[in-house]
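First the structure, in the form of C-alpha cells, and then the observations on it.
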Amino acid sequence: MKATSSKSEIATGLRELFEDSLKDIYYAEKALTKALPKMADKAVSGVLVEAIKEHLSVTEGHVKRLDEVFEVIGLKAEAKKCEAIEGLIKEGQETMNKTKEGVVRDAGIIASSQKVEHYEIASYGTLVSFAKTLGENEAARLLSETLEEEKVADKKLSAIAESAINEEASN
C-alpha cells in the first residue's frame, strides 16, 4: 500500500479489519462456551463455580449478539481461528493441571479468567470504535452492550478473588 492512500482505501482497509476482528472474537466467544464448563468443573469455591456458570450463559448471549452484529452489517456470521484465545485457554488448562485442587487452583482459574476478560475488553473496545468510525451505529450499540458485560465479569472476578480466595491461597 502506498504511503499516501486515498480516504476510500483507508476506509476499505478499516472495514476489512473490523470484519476480520469480528470473526476473531466470534471464534473466541464460541471457544469459551466450551472452555468455561471445564473451568467450573475444576473450581472448588461455590461462589466461583456459580460465577463461571453464570458467565457461560452470558457468553452464549454474546455469541447470539455477535450473530446480530453480523446481520446488521450484512455479513454471514463466520468464525476465524483466534490464536490469542487459543493460547489463553491453553494457559488456563495448564494452570488447572499444575495446581492442586482447592483455593490455589481457584486463584489460578480467576487469574486465567481475568486474562480472557481483559482480552475481550480490549477486543470489544476496539470493535466499538471501529463500528462508530464506519457509521455502523447499531453494531456499535450491540458491541457496547457486550463490552459492558465483560467489564462487569472482570469486576466480579476481582471481587471473588479479593473477598477470600487469594487470602486463603496465601496460607
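All of the numbers you see were taken from the coordinates with simple rules; none came from a lab. This structure is a prediction, so every number in the text was calculated from the model and none was measured. A quick note on method: Cβ atoms are made from the backbone with ideal geometry, for glycine too, and the neighbour counts reach across all protein chains shown.
Assorted remarks:
- From the alpha carbon centroid of the stretch 65-111 to that of the stretch 10-44 is 7 Å.
- Calculated FRET value between Arg65 and Glu94, using beta carbons and R₀ = 25 Å, to 0.05: 0.25
- Residue order, fewest to most surrounding Cβ atoms within 10 angstrom, among Glu101, Glu60: Glu101, Glu60
- Local electrostatic count at Val72 - Lys and Arg +1, Asp and Glu -1, tallied over other residues with Cβ under 12 Å: -3
- Sorted ascending by nearby beta carbons within 10 Å, beginning with the fewest, Arg105, Arg65 become Arg65, Arg105.
- Charge context of Pro37, other residues only, Cβ under 14 angstrom, K/R +1, D/E -1: +1
- Partner lysines for Lys132 [C-alpha distance under 23 Å; skip if fewer than 8 residues away on the same chain]: Lys7, Lys23, Lys64, Lys76, Lys80, Lys151
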